[in-house]
Every structure is written in structure tokens, then in C-alpha cells.
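The values are calculated or read from the model by the stated rules, or taken from the named source; none is laboratory data. Note that this is a predicted model, so its numbers are computed, not measured. Every residue, glycine as well, gets a Cβ built from its backbone with ideal geometry; the counts of neighbours run over all protein chains shown. We work out accessible area using only protein heavy atoms, side chains counted, and drop any ligands, DNA or RNA first. Shrake-Rupley method; radii C 1.70, N 1.55, O 1.52, S 1.80 Å.
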Amino acid sequence: MKQQQFNKVLKFFTILWAFTAVGLAIGTVIPPALVMPISIVTLVLLVLMMFSRTMRRMGRIISIIVATLTGITMFSLLNFYLGTLGGGLVLLIFGTTAVIFIVAGLVGYFTKKDLSSWGNILFIILIGMVVFSVIAIFVNFSSFVWVIVSGLGVILFTVYTIFDMNQVAKNPIADEDVPMIALNLYLDFINLFQNLLRFVYNLKEYLK
């Protein structure tokens, strides 16, 4: 039964990536000025899903909207990194992200210990990262600072992947929980990828 539910999580995880591809296609015609407002809307939806039971009940629809909006903003991001790092390096970083995600996921899933106690600490660190990102909109931090912050981001979302997969392994999965669990894993991958891109880019800038 549990394996059946986990398969549903993986299926919805794949669906989210399909809608990300749709978002990427939409991103090709979206004016750059709209990228920031779309990012803010995405963040607001995620916060509402965390704290509103009503929004959680609409988890399937909200998750698909979030994945689509993420795809739209990812187009602008990828466009920037493809121009500065080159397609080969971006592809290598994506592959590295996939390897880290899979290995971390397997570690979390097969670890015998229940890692539930990590949740609060990880959430506090995540809030700190979000606050820093908001401040960074108004403050021009150096490449060295971004190397450190993005490096911490890579560690954070690697650990989050371990944590989320551990919770999948240790807790029963109800049908209504499937979209949120899949979205958590999806966001782990997206954030891990973005932080790796930022880390490599800023490291190159710092070493110039």
C-alpha cells in the first residue's frame, strides 16, 4: 500500500516537471519586467499552502500553478546562465543536481532513523535564506558573499531532500498529501539546481 502511494508521489512529481516545461515555453514570450512579480506570486502561493488548510485542500491545482510559474521564471534564469556559463556547463550542473538529488533521496529513504526532529531547524534556516534573498534585491552583495550563501543553499536543499524522503519513508501517505509531498521534492530539486548555478557563477566571478 505504501509503495503504491509513493508511486503516486513520483507520478505527480513527473507531472509537475511537465508543467514546468509548459512554463518554460510561456517564459519565451513573457516580458522580463513580469519575472519579479511572478516570482512574488509563486512565493505567496507557497506560503499560503504552508499555513492555510483551505489551500492545502487545493494542493493539486496550486502545485501545478506553482510548477508552471516556476517554469516561467526559470526561463529568464536559464537564459542568463546559458549566456554567462555556456550550455555545456549548465547541462553539467543540471546533471550534478540530479545525482545529488538521487543520492540524497536514497540516503533519506533508507536511513533507519526518523529525522522528523530536523524539520524545525531546516525551516528556520530556510526562512533566513528567504529573508537574505529579499534583502539582496535592494543590496548589492559581493561575489564572495554569494559564493558562501549559495554554498549554504546547496547544503540546505541537499539536507532537505534527505529529510523529505525520510518523511516519505517513515510516515503514511494519504491521497490528499500526495501533491504537497511531490511539490516539496520538486522544490528541493529546483532550489538545489538554482543554488548550484549561483555558486558556480559567483565562484567564477570571484576568481576573475
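For region 46-157, the solvent-accessible area with a 1.4 angstrom probe is 59 square angstrom per residue. Computed in the context of the full set of protein chains, the accessible area of the chain at 1.4 Å probe radius has 73% of its extent on carbon or sulfur. A crude spin-label estimate for the pair Ile40 and Val145, with each label 7 Å from Cα along the Cβ direction, gives 2.2 nm.
In this calculation the C-beta distance from Gln5 to Val131 is compared with R0 = 35 Å, giving a FRET efficiency of 0.50. With a ≥ b ≥ c taken as the square roots of the eigenvalues of the C-alpha gyration tensor of region 20-150, please select rounded if a/c is under 1.5 and otherwise prolate if a/b is larger than b/c or oblate if it is not? The shape class here is rounded. The tail of the calculated P(r) for region 130-198, taken as Cα-Cα distances beyond 21 Å, holds 37 percent of the pairs.
For region 48-174, the residue among Phe138, Ala169, Leu85 whose Cα projects farthest onto the positive side of the dipole built from Cβ charges is Ala169.
In this Cβ point-charge picture (+1 for Lys and Arg, -1 for Asp and Glu), region 104-201 has a dipole of about 360 debye about its Cα centre. Put simply, when 169-181, 130-142 are sorted by average Cβ atoms within 10 angstrom per residue, most first, you get 169-181, 130-142.
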